[in-house]
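Structure first, then comments.
The values are calculated or read from the model by the stated rules, or taken from the named source; none is laboratory data. None of these values were measured; they are calculated from a predicted model. Virtual Cβ from ideal backbone geometry, glycine too; neighbours counted across all protein chains shown. When the accessible area is computed, the model is the full protein with side chains, heavy atoms only, and any ligands, DNA or RNA have been set aside. Shrake-Rupley method; radii C 1.70, N 1.55, O 1.52, S 1.80 Å.
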Amino acid sequence: AIDWVAIEKNTTVLCDEFLAHRLGLIPLKSEIASRMNYCRECTCDSFGCENCTVQFTLDVRCDTEAQRSVTSADLHYVATGAGQDCPCPPAVGGLGGPY
């Protein structure tokens with residue numbers, strides 16, 4: 001599950017904490033999880049090295065007056081560390097992929 005969220009800019013009517021909570025509810029599947037360390041048990045000097053962290057970005061904009069749905073398909077995987085050698089993005093929301 002998504003454990004730590006950094007929000008750079010939020011222009012929605014929803015507070016940052018609500019968005020972070022909703023992101024934490026997204027199920028993630030991973031084939032490389034067995035090669036990774038738990039963040040709290042990792043011996044890295046800084047929080048979130050490539051051995052204990054998988055990174056996603058979410059950059060969505062609504063330029064109309066209509067509502068814009070944001071789904072797990074809008075999450076983009078950033079290949080680093082243990083997952084860098086895998087050409088496929090991780091599965092989000094139980095969809096296909098090696099992760």
Flagged in the range 4-35 as open to solvent by 100 Å² or more (accessible area, probe 1.4 Å), hydrophobic (A, V, I, L, M, F, W, C) and farther than 30 Å from Glu65 by Cα, in numbering order, are Trp4
Output the residues belonging to the range 30-83 that are within 18 Å of Leu19 (Cβ to Cβ) and among the acidic types (Asp, Glu).
Asp59, Asp74
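Yes/no matrix, rows are residues, columns are (1) open to solvent by 90 Å² or more (accessible area, probe 1.4 Å); (2) outside any helix (DSSP H, G or I); (3) among the hydroxyl-bearing types (Ser, Thr, Tyr):
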{"residue": "Asn37", "(1), (2), (3)": "no, yes, no"}
{"residue": "Arg40", "(1), (2), (3)": "yes, no, no"}
{"residue": "Cys44", "(1), (2), (3)": "no, yes, no"}
{"residue": "Cys52", "(1), (2), (3)": "no, yes, no"}
{"residue": "Arg61", "(1), (2), (3)": "yes, yes, no"}
{"residue": "Glu65", "(1), (2), (3)": "yes, yes, no"}
{"residue": "Val70", "(1), (2), (3)": "no, yes, no"}
{"residue": "Ala73", "(1), (2), (3)": "no, no, no"}
Which numbered condition His21 misses (of (1) assigned to a loop (DSSP other than H, G, I, E, B); (2) at pLDDT 80 or above)
(1)
